[in-house]
Amino acid sequence: MAERVAIVLAAGESSRMNTLLPKVLHEVSGRPMLAYVLDTCRQVDVARIYVVVGFGAEQVKERFSDVPDVVWVQQDQQLGTAHAVLCCREYLKDFGGQTLIVCGDGPLIRAQTLRTLIEKHEAGQSAATLATALLDDPTGYGRIIRDAYANIQGIVEHSDCTPAQLAIREVNPSYYLFNTRVLFEALEQVRPDNVKREYYLTDALSGIIATGHKVTAVTAVSPEEAVGVNSRAQLSAASKIMQRRIQQELMENGVTIVDPDNTWIDARAQIGQDTVIEPFTYIHGEVRIGPGCRIGPFAYLRSGTVLEKDVVLGVFTEVKNATLADGVRARHHSFIGDASVGRNVNIGAGSITANFDGEKVNRTTVGDNCYIGSGAVLVAPLVLKAGLHIGAGKVVSQESVNSLGSSPDTD
Ligand code: UD1
Ligand code: CA
């Protein structure tokens, strides 16, 4: 098996997004686009991942500072995708293996598709292998040009297409596998002879074909895997597709999602078997939900929420940075923030933790089997020992519970 490295192109300025944030940091279902692309590269066995950064490089590196397996490559001026790859030349000049190239703005690419690309490349002993996709609306994408025998001749960018070429629906999703030596030879030849005056990686591919090297294609990968995010509209389209994938996987793992179109679940969320997610539930950030829970409708779960087992959260219940043990119930209009709630605690309608005192956030601990009546305000910092009964409408501070002495009941 040939040794393989990956190059992720992520230096572009993303003017069409109209954004100050580097494009690859824009989030799709809660994670930056680049995070998905890196994950996919890791799944196809690469020795190293080079990420080319430029526009907002410091921000990108900062956001991924905990990622140990990436070599950051600086592209000071964004002169085009061919130029971006050439920025890696110093690292790869003596490398005889394969180079996989993907774009940081293509979060929907799947490892299985890259594996197919690799298999086809190796089976055909090709110099380069690309993917193609058939799109109903190919606007903005590079078009695949074929000759009368359907052999691929090259790729023409949208802005350089003739009217006849604009009608071509077969496009370049922009992931490729190259014989590294052939790639760099071809990149040297690329000139910015196009409308945008950029050095195009697609021209390197056309050059490889023109010099008689064998180029293979994995044709018609799924259209969604061709989505490159250049605009906010494409960002939301990519998010929608990612939501479907996330929810599909959860459902396969035994989670019931009553209405997937009206449910939003973060890519980082984990949900246990036989948990039911009712409509209009929004799960954002790192959230862990155990088995047998019932969530929503209209629940809002934020980062740091851990629900153990058989937890019931109903309408307009918000939880953040809190652990709710087995059997906790908060069926209506509650806010539970920065808390540890023990087993089988009942939290009545409209009860909340008052976790912020205007200066800092404080924790609430509720012991097992407590009963919190409706409309109670638990003023943090607060520790309620097990079995307490808090009457409806109470404002409960640590002072007020301490003054109860040994009585387990504050009614
Ligand atoms: C590119 C392809 C096009 C393909 C489309 C798929 C080229 C010339 N065109 O077009 O054929 O259909 O992707 O989505 O490759 N980048 C850099 N440095 C640069 C320029 C770009 O790192 O100097 C990065 C961008 O951050 C981006 C990726 O390369 O992640 C692709 O660049 P982009 O400008 O988005 O290319 P497209 O016009 O979408
Ligand atoms: Ca793009």
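Rule-based calculations on the coordinates, nothing more; no lab input. Everything numeric in this text was worked out from a predicted model, so none of it was measured. No Cβ is skipped: glycine too gets one built from the backbone with ideal geometry, and neighbour counts run over all protein chains shown.
For the stretch 61-93, the set of residues classified as more than 10 Å from ligand 1 (Cβ to nearest atom), within 20 Å of residue 19 (Cβ to Cβ), touching a Phe, Trp or Tyr at 6+ places or on another chain (Cβ under 9 Å) and in contact (Cβ under 8 Å) with a residue 12 or more places away in the chain consists of 64 only. Would you mind stating whether residue 188 is in a helix (DSSP H, G or I), among the acidic types (Asp, Glu) and either at positive phi or surrounded by 15 or more Cβ atoms within 10 Å (Cβ to Cβ) (or both)? No. Please verify whether residue 29 is in contact with a helix residue (DSSP H, G or I) (Cβ under 7 Å, 6 or more places away or on another chain) and away from ligand 2 (no atom under 15 Å from the Cβ), treating the condition exactly as stated. The answer is yes for residue 29. The residue that is nearest to ligand 1 (Cβ to nearest atom), counting only those in the stretch 94-103 that are more than 18 Å from residue 198 (Cβ to Cβ) and of a type outside the set (Asp, Glu), is 102. Among the listed residues 216, 202, identify the single one that is away from ligand 1 (no atom under 13 Å from the Cβ) and hydroxyl-bearing (Ser, Thr, Tyr). Of 216, 202, the one residue that is away from ligand 1 (no atom under 13 Å from the Cβ) and hydroxyl-bearing (Ser, Thr, Tyr) is 216. Here is a list of conditions, (1) touching a strand residue (DSSP E or B) at 6+ places or on another chain (Cβ under 6 Å); (2) in a loop (DSSP other than H, G, I, E, B); (3) under 22 Å from residue 41 (Cα atoms), and residue 113 meets all of them except one; can you say which number that is? Condition (2) is where residue 113 drops out. Per the conditions (1) out of contact with any Ser or Thr (no Cβ under 6 Å at 6 or more places or on another chain); (2) within 28 Å of residue 268 (Cα to Cα); (3) not acidic (Asp, Glu), the sole criterion not satisfied by residue 365 is (1).
One residue stands out among those in the stretch 134-168 that are out of contact with any Asp or Glu (no Cβ under 7 Å at 6 or more places or on another chain) and closer than 19 Å to residue 237 by Cβ: the one that is farthest from ligand 1 (Cβ to nearest atom), which is 136.
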